[in-house]
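The values are calculated or read from the model by the stated rules, or taken from the named source; none is laboratory data. As the structure is a computational prediction, the values presented were derived from the model and not from experiment. Backbone-built Cβ (ideal geometry, glycine too); neighbour counts: all protein chains shown. What goes into the accessible areas is simple: the full protein's heavy atoms, side chains included, and nothing from ligands, DNA or RNA. Shrake-Rupley method; radii C 1.70, N 1.55, O 1.52, S 1.80 Å.
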Amino acid sequence: SCSTQTTNEPGAAAADGGSNDGPLEISLLTTYNGLPFYTAMQCGAQDAAAELGGEISLSNDGPSRGMNAADQLPVLESVVSSGPDGLIFVPADPQAMLAPVKSAIDAGLPVVTTDATLAEEVALAQFHGDNLAGGALAAEEMLRLVGDATGKILVLDNRPGLPITNERAEGFIAGMEGAEGLEILETQYYEDDPNQAATIVQSSLQANPDIVGIFTTSEAGATGAANGLQGLAAEDVAVIAYDAGPVLVRALRDGTIDALVAQGSYKQGYDAMTRLVQHLRGEDVSGEPFDNVVDNVLVTPENMDDPEVAKFLYPESCS
Amino acid sequence: MSINAAPTSSPVLTATGLRKTYGHVKALRGASLEVRAGEVLAIVGDNGAGKSTFISCICGAVTPDEGEVRIDGTALEPGSIASAMDAGLAAVYQDLAVAPHLSVVENIFLSTELKKPGLLGRLGMLDRRAMRQKSEELMHGLGIDLPNLDRPVEQLSGGQRQVVAVARAVSRASRVVVLDEPTAALGAKQSKIVLDTIEATRQRGIAVLLISHDLPRVLEIADRIVVMRLGAVATEVDPRGTTVSDVVALMLGETSLNDERRAS
Amino acid sequence: MSINAAPTSSPVLTATGLRKTYGHVKALRGASLEVRAGEVLAIVGDNGAGKSTFISCICGAVTPDEGEVRIDGTALEPGSIASAMDAGLAAVYQDLAVAPHLSVVENIFLSTELKKPGLLGRLGMLDRRAMRQKSEELMHGLGIDLPNLDRPVEQLSGGQRQVVAVARAVSRASRVVVLDEPTAALGAKQSKIVLDTIEATRQRGIAVLLISHDLPRVLEIADRIVVMRLGAVATEVDPRGTTVSDVVALMLGETSLNDERRAS
Amino acid sequence: MTTTAPAKNQTRHPAVSAATFTGISTTWYVVAAVVTLIIAFTIAGPEARFVSLTNLQAIGRNSAGLMLLGVGLAFVLGAGHIDLSVAANLVLSSVVSAKTVLAVSGGSAAAAAGEYANGGLAIAAGLAAGIVTGCLVGMFNGLLVTRLRINSFVVTLGTMGIATGLAQVVTGGANVPYLPPVLQSAIGMRAVLGVPVPLLIAVLVGLVGAAVLAWTAFGRHTLAVGSSASGARRAGVRVELTTTGVFVISGLMAGIAGFLDITRFGTTAIAGHETSMLAALSAVIIGGTSLFGGRASISGAMVATFIPTVLLAGFVMVGVGSFYQNIAIGLVLITAVWIDGIRRGQLAPR
Amino acid sequence: MTTTAPAKNQTRHPAVSAATFTGISTTWYVVAAVVTLIIAFTIAGPEARFVSLTNLQAIGRNSAGLMLLGVGLAFVLGAGHIDLSVAANLVLSSVVSAKTVLAVSGGSAAAAAGEYANGGLAIAAGLAAGIVTGCLVGMFNGLLVTRLRINSFVVTLGTMGIATGLAQVVTGGANVPYLPPVLQSAIGMRAVLGVPVPLLIAVLVGLVGAAVLAWTAFGRHTLAVGSSASGARRAGVRVELTTTGVFVISGLMAGIAGFLDITRFGTTAIAGHETSMLAALSAVIIGGTSLFGGRASISGAMVATFIPTVLLAGFVMVGVGSFYQNIAIGLVLITAVWIDGIRRGQLAPR
Ligand SMILES: Nc1ncnc2c1ncn2[C@@H]1O[C@H](COP(=O)(O)OP(=O)(O)OP(=O)(O)O)[C@@H](O)[C@H]1O
Ligand SMILES: Nc1ncnc2c1ncn2[C@@H]1O[C@H](COP(=O)(O)OP(=O)(O)OP(=O)(O)O)[C@@H](O)[C@H]1O
Ligand SMILES: [Mg+2]
Ligand SMILES: [Mg+2]
């Protein structure tokens, strides 16, 4: 992945109005390579690149594990050192990644953030789902699913200290506030391990047989929760999960999960690539907004085959 | 203990031109010997003379850089303990080579375990009872009195451990038994048992290779004595008519604690 | 080596009523002794008699269940090696107690390292040169010829290692030196060096406690001999006019390899 | 054998070696610990629900994988080595197994559409694929340790990375979706006489392992090698063969556990199992196996694998906050090993 | 001392012990390995950007924390123990340090509003808090190992859980936000003469550690204890004190690393550092320290900590997919230790 030319004085291209149709090297740097969510984002970016034309190559970078700043930072610095023309970046932590991104930007690398945001508005633009809103969306659906039943709600979160998933839980809990007859249990963490999630679900149900709903903030939690419920033959617990990878979509179709919060990651990737390339090619993007929230979509068994909704589901790989 | 005339039969074991270098130290520089059936051959030498390295090469525990070991005329695979054991050799090493966590019985039968008869045995099932009984018979036969053969060897005193190693070796050997300082940690009574065992082993027609610093006893029991110095066999003496001080004089070249026989 | 008359001075070291039980094994059941300055006291006994356990309790390496050790009248803290070392005792243990990865010099000065003079020394900086030189002088004085004092001890032969441990102990002791089978792995020449060293140490007015299975040598060098049996001091003998077989007879109670002296 | 004078049988003690004896008694101690925990959580938790069938079944299902890893590790530790790669091997095996199941049952396109063929064959092929993968990784470990004579800590740390990477390469980093539901219904979520099938499999395999360790020459050689490799070698034990063997057994266990993993969840868990290796190691050590070789207890390891699962389930049920769970599990680990040491007299006065 | 006959100085060999000698030579071997990697990545990567100042600075910054952990682990391994809790201790120390910085600089309410007081004092207090926390955890490890005589693997595995849990309790599970930017500008992201300050600190601390190991009685006792604890004890070494000491040093290093962590990120990373412990352990072993005690090389460990960082940076730059990175790092680890073993002749014929 050798790039030949880098002409990216910050904003210089835009100011010149001169166009630059040369080959571009764009890096998409995520927090956890291979997650279906990021696969969808990558598909969006690729499709945008194809539509924009010219030689745009996209490389996928990211730690192979972690979802946290300590694992992502070395990768970011290496990617910056390798000198791509532009960077689509998913910050693992808004605060921790700020300084290194800032110095990359100061050194002339245009950066667009997706999925998550940075603590300051240093990037060219940010495209993200609203994790708090996504949690709230799930809460709304949860309230609908449980109806007027009374009981308890279990929140399963991935790991303490992961802002992306922690916010989803936070949004969900806020959304449930004030619901009549529903009590939110203390959040439990499953460390990305479905086995732990299953154990937690089973034990929680033993301790609180009146659990009526479970919200989990990522795929491993949903897998484990579904399994735990299966083991108890507990059918009447509503399960809502975040994300819409193939495993979760299948579970939704099978009825082990009742609803999914799908993020518009395809659109995030598409829009981020478009904005970045427009900037690099000197188009005037000054009128475009900095902050772009891509709405989440609630996927239910009823609407999942609706083409408008189906395009939000994450593919196994880009076609 | 009678001093036998050296048997005239052809040698059971011959070692020829063994060499071994550790880094800069030439531990062995072309050592050779031969032992006949029913003969006790003693190896004496100063500390660091290379005695343990010599017998380790013979037993396959150390791979010599050069040289050959034959038992009954067949060359052993260098550095292969299995090859030496298959040829009928068994040894007591200076550090005993026991598995400290295993019991006395388990150590005695280590690698020569008895299997149950029938299908179970073919599935690899051990016959613990038979091994225990044979161990008791063995100990009894040697006159050794260890009350509990199921205690891990690590709980025995140094002398008790040494006796176990000797019992294992003599029970295994069919052609040659090699003993590296088998009485170093032993008291009078246990030493006597070991010496009697050596005598009995020799009577069974087995060749005995004995390393010992206890020169009076060596003179008493050995048929021949080879003296090692600086990694090679310096000379051979007939114990008859030889005194301890004769042997000491032969053992002492100059500066024998000096092992810096640096490679070329 | 002359057999001295037992000195009449008051004892340097007294051990009284030491007891130690390991699980079911009563290794020591009330053993006592005393040694005077300039005296060589030998402890003999069959394998498993409890000799090593006895001296380990004396040196603070093993904490006795009961009993007391005094040096120059002051009781030592049970199980504290520091307390015994501070009182002027040093020992060679049966397993030598060396750090195999450290060099000869480092082992000789282990825990008694010399510091650089001045500020650096107060910061803990070692004076390697001084330690090296003193080690050389020590070895030279004892007549030991080890060519390279910077080799890790693990690369020495068993006998060479034992000599290093002896050198360390005699250089440290100011009141008592304890030697547990210091010549077990040694050849004639090295044994002679160790025995000369014991004699020289005694001449310096230091009390020597010697364990050995080599009865002829014990009779030659010791001023008094205590015989241990079954974890206690059975009797004391005067080496003058005593033969090896007398001592052996005293050592052998019945079934001495039988260590199952079960607790109550 | 030299056998003179057929002395009267003077056995004063039963023919049980001290090693086995300690093994058994530690097992009972661990059983007591687990039972105590269960009783405590039953009392502390609501309405004795901790001992309800469903909860115990859940605990059993969740312990099965760890138990298999523990059995393998008991062999490896008994032989004086360590295997840090077990969890990574589990993940790799589960991935290969899942891909195989998909391929045999008609390919992933059909699977995505919900169509599956050859149910039984797919299960068998998946199990075989998992086992083969696990054993190959184990064999790789064993060969590096014995042929190149590299320390097993280093080798298996390296293999851990290699297996993790391979699993990610095979899957592209995403869990394998669309596995046939028969995996779960026929194995993972099934119970026979109330006992979850994964636990049943783990216990049966573990018992075979315990028999191998206690009653065969291979088992005895394993402990001899762990007790003193150089001693065992010179006593005639084929140390290389035995060492390779224990790593293959460890790999085999990881392979079976990997297969069971996909039957539980109907998908893989490539990011999970990051704590499994240390959890299994803890269980094996609590169960009475020495980290330094020479002493191993399969039964102790098997029982001790319930400890982390019971603790997690109990803490959740009793309502201990999840942050405090880590602390509590750490304290329990230290305390258990400490008490066991005192009990065995190993920590007793010098 | 008995010193008879002031014999002439007959030193035939320089007064460098074999242990030190091997230590040094392994260090050079590791230096050569790192340089080779850098050259390879410079050639393979685009436009020699691998050796650009910014890239080398980034590598240096990313190695600093690992280097400190490695220095501490070299002591612990040298003494024949292991410390699995270093990374968890780092996280706990960073959390305590961050809370302290916030408190001293005016409280979190003011911080949230972007107002900070006492910049220098806050930094000093944060460093002190990190160090104290780290040392306390280390001391706890040391006391459990020496007083209760529990195996250090078990103790530190337990402490790992305890420290992780405490970090979560202290923070409530969310990273500490709003740390004063001066942390990053004055330390974490600063470079002096082109050398990143965190690296500078780590190297200086490491050199002090190397001096302590090589030139003081404590260092010598550390290796003696690792070589033979019972031998060292009977030679008069205060084994308990030395052992506690190495764990405190390891904790101290984790504490400093924890403080550096917040100066790098401007926040804590409570979910991070899960691989740091194994990465630091690998580096220490590659660097020539024996897992079994008695032999340690601080300089080797320090240089070897660059290996994982250089590999990661290089693979990203060359475009090796992240999945293959795990595989490659595993292979490099095994190969490095293997070659080093052959070189030292340890794997040579028996
Ligand atoms: N593994 C090794 N590495 C380096 N040197 C060794 C090794 N083994 C033996 N040596 C050296 O080889 C020489 C011969 O040692 P060996 O053990 O054969 O002597 P020995 O005659 O048995 O002495 P002892 O009577 O003390 O047992 C010694 O100088 C010893 O230091
Ligand atoms: N750590 C231990 N655990 C259990 N038993 C022990 C331990 N140490 C010693 N013993 C037992 O205590 C008894 C006395 O042992 P000790 O080593 O003191 O004997 P010794 O007189 O020195 O014998 P040797 O002449 O063989 O060295 C022996 O029966 C031995 O088995
Ligand atoms: Mg020898
Ligand atoms: Mg003794």
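Using the alpha-carbon centroid of each, what span in Å lies between the range D:290-319 and the range B:181-224?
52 Å
With everything on Cα atoms, drop me the angle between helix C:188-203 and the longest principal axis of chain C, reported from 0 to 90° to the nearest 10.
Here the helix axis deviates by roughly 90 degrees.
Sorted by accessible area with a 1.4 angstrom probe, largest first, how do A:K102, B:K115 fall?
Solvent-accessible surface, decreasing: B:K115, A:K102.
Heads up, I need the accessible area for B:L102: 1.4 angstrom probe, whole protein in place, Å², nearest 10.
Accessible area of B:L102: about 0 Å².
Calculate the mean, over all residues of peptide D:41-53, of how many other protein chain Cβ atoms lie within 10 angstrom of the residue's Cβ.
2
Scan chain B for the residue whose Cβ is closest to the axis carrying it onto chain C, then write down that distance in whole angstrom.
Nearest Cβ to the rotation axis, residue and whole-Å distance: B:A184, 2.
With the convex hull built on the Cα atoms of chain C, state its orientation-averaged projected area in nm².
14.9 nm²
Dipole size in debye (nearest 20) for the protein assembly as shown around its Cα centre, Lys and Arg Cβ +1, Asp and Glu Cβ -1?
7240 debye
Mean Kyte-Doolittle hydropathy of 1.0 or higher plus an axial Cα length of 20 Å or more: which whole DSSP H helices in chain E meet both?
Answer set is E:18-44, E:53-78, E:86-104, E:119-147, E:152-171, E:197-215, E:239-265.
I'd like to compare E:200-208, B:218-226, E:131-139: which one has the highest average count of other Cβ atoms within 10 Å, and what's the full order after that?
The peptides rank, most packed first, as E:131-139, B:218-226, E:200-208.
Which of the trypsin sites (Lys or Arg not before Pro) found in the range E:109-190 are loop residues per DSSP with 10 or fewer other Cβ atoms within 10 Å of their Cβ?
none
Taking N as the number of residues in the range E:194-242, what is its alpha-carbon radius of gyration divided by 2.2 N^0.38 Å?
1.53
Mind ranking C:E181, A:E51 by accessible surface for me, highest first, 1.4 Å probe?
Ranking C:E181, A:E51 by accessible area, largest first, yields A:E51, C:E181.
The range D:106-147 to the range B:81-134: how many Å between their Cα centroids?
Taking the Cα centre of each part, the range D:106-147 and the range B:81-134 sit 38 Å apart.
Per-residue accessible area for B:D72 at 1.4 Å probe radius, Å² rounded to 10?
Spelled out: B:D72, probe radius 1.4 Å, area about 80 Å².
Using R₀ = 56 Å, calculate the FRET efficiency as 1/(1 + (r/R₀)^6) where r is the Cβ-Cβ separation of E:E47 and D:T335; round to 0.05.
0.45
With the full set of protein chains in place, find how many percent of the accessible area of the range C:154-229 is carbon and sulfur; take the probe as 1.4 Å.
Reported share for carbon and sulfur atoms: 48 percent.
Roughly how large is the D-A contact in terms of buried accessible area, totalled over both chains, probe 1.4 Å, nearest 100 Å²?
Separately minus together, D and A give about 3200 Å² buried.
Classify the range E:2-347: rounded, prolate or oblate, from the alpha-carbon gyration tensor (a ≥ b ≥ c, eigenvalue square roots; a/c under 1.5 rounded; otherwise prolate if a/b is larger than b/c)?
oblate
Ordered shortest first, which distances in nm separate the 7 Å Cα→C-beta label point of B:A75 from those of the other copies?
Its label point is 7.1 nm from the equivalent points in the other copies.
Ordered by residue, what ³J(HN,Hα) values in Hz, to whole numbers, does the range C:36-48 give under the Karplus form 6.51 cos²θ - 1.76 cosθ + 1.60, where θ = phi - 60° and Gly and Pro are x?
Karplus values, whole Hz, x for Gly and Pro: 9, 4, x, 10, 9, 10, 9, 10, 10, x, 5, 4, x.
Could you give the accessible area per residue of the range E:222-339, probe 1.4 Å, as a whole number in Å²?
Per residue, the range E:222-339 has an accessible area of 23 Å².
Please compute the contact order of the range E:2-347 in relative form: average sequence separation of alpha-carbon pairs under 8 Å and at least six residues apart, divided by the residue count, as a percent.
33 percent
Express the accessible area of chain A per residue in Å², computed with a 1.4 Å probe while the remaining protein chains stay in the model.
Value for chain A: 34 Å² per residue.
Starting from the amide H of B:V92, placed 1.01 Å from N in the peptide plane, find each other amide H under 5 Å away whose residue is 5 or more places distant or on another chain.
B:V178, B:L179, B:D180
Let me confirm one metric for peptide D:186-195, namely the mean number of other chain beta-carbon atoms within 10 Å of its residues' beta-carbons.
1
Rounded to a whole number, what % of the accessible area of the range D:2-347 do carbon and sulfur atoms account for, probe 1.4 Å?
71 percent
So if we plug the beta-carbon distance of C:D145 and C:D95 into 1/(1 + (r/R0)^6) with R0 = 35 Å, what FRET efficiency do we get, rounded to 0.05?
Computed FRET efficiency for C:D145 and C:D95 comes out at 0.90.
Of E:T309, D:T335, which has the most accessible area and how do the rest follow, probe 1.4 Å?
Largest accessible area first, the residues go D:T335, E:T309.
Please check the range D:138-153 for residues whose accessible area, probe 1.4 Å, is lower by 30 Å² or more when all protein chains are in place than in their chain alone.
D:L148, D:R149, D:I150, D:N151, D:F153
Beta carbons within 10 angstrom, averaged per residue: use that to sort the peptides B:228-236, B:155-163, E:278-286, highest first.
Packing proxy ranking, top to bottom: E:278-286, B:155-163, B:228-236.
Using only the alpha carbons of the protein assembly as shown, determine the length spanned along each of the three principal axes and report them from longest to shortest in whole angstroms.
Its Cα atoms span 114, 75, 62 Å along the three principal axes.
For D:A48, which inter-copy label distances result when the label point lies 7 Å beyond Cα on the Cα-to-Cβ vector, reported in nm to one decimal and in ascending order?
Spelled out, the distances from D:A48's label point are 8.0 nm.
Under 20 Å from a label point 7 Å along Cα→Cβ of D:N118: give me every residue in the range D:148-189 with its amide N that close.
Under 20 Å, as judged by backbone N against the label point of D:N118, lie D:176-187 of the range D:148-189.
Of all the residues in chain D, which one has the C-beta that comes nearest the axis relating D to E, and what is the distance in Å?
With distances in whole Å, chain D gives D:E274, 3.
Using only DSSP helix segments of four residues or longer, with each worth -39500 (n - 2.57), what per-residue ellipticity at 222 nm results for the protein assembly as shown after dividing by its residue count and rounding to 500?
When only DSSP H runs of four or more count, the value is -16500 deg cm²/dmol.
Determine the residues within the range A:138-167 where the difference in accessible area between the chain on its own and the full set of protein chains amounts to at least 20 Å²; count protein heavy atoms only and use a 1.4 Å probe.
Hits at the 20 Å² cut-off: A:R159, A:P160, A:G161.
For a quick check of your reading of the filter: which chymotrypsin sites (Phe, Trp or Tyr not before Pro) in the range A:265-301 sit in a DSSP loop and have no more than 10 other Cβ atoms within 10 Å?
Answer in residue order: A:F290.
Relative to the compact globular guide of 2.2 N^0.38 Å, what is the alpha carbon radius of gyration of the range D:83-219, as a ratio?
Expressed relative to 2.2 N^0.38 Å, the Cα Rg reads 1.21.
In Å², and per residue, what accessible area does chain B have when probed at 1.4 Å with the other protein chains present?
Per residue, chain B has an accessible area of 35 Å².
Residue by residue through D:311-324, how many Cβ atoms from other chains fall within 10 Å of the Cβ on average?
Counting other chains' Cβ atoms within 10 Å and averaging over D:311-324 gives 6.
So which chymotrypsin sites (Phe, Trp or Tyr not before Pro) in the range C:54-144 end up in coil per DSSP with only 12 or fewer other C-beta atoms within 10 Å?
Here no loop site has a sparse enough neighbourhood.
Taking a label point 7 Å out from Cα toward Cβ, give me the nm distances from C:R129 to the same spot in the other copies, shortest first, one decimal.
From this label point to the equivalent ones elsewhere in the assembly: 7.5 nm.
Taking a probe of 1.4 Å and counting only protein heavy atoms, give the total accessible area buried between chains D and B in Å², rounded to the nearest 100.
So the total buried area for this chain pair works out to about 3500 Å².
May I have the pair-distance distribution P(r) for the range C:90-203, computed from all Cα-Cα distances with 5 Å bins from 0 and rounded to whole percent?
Final binned percentages: 2, 12, 23, 24, 20, 11, 5, 3, 1, 0.
For the range B:11-91, divide the Cα radius of gyration by the Kirkwood radius and give the resulting Rg/Rh value with two decimals.
Radius of gyration relative to Kirkwood radius: 0.95.
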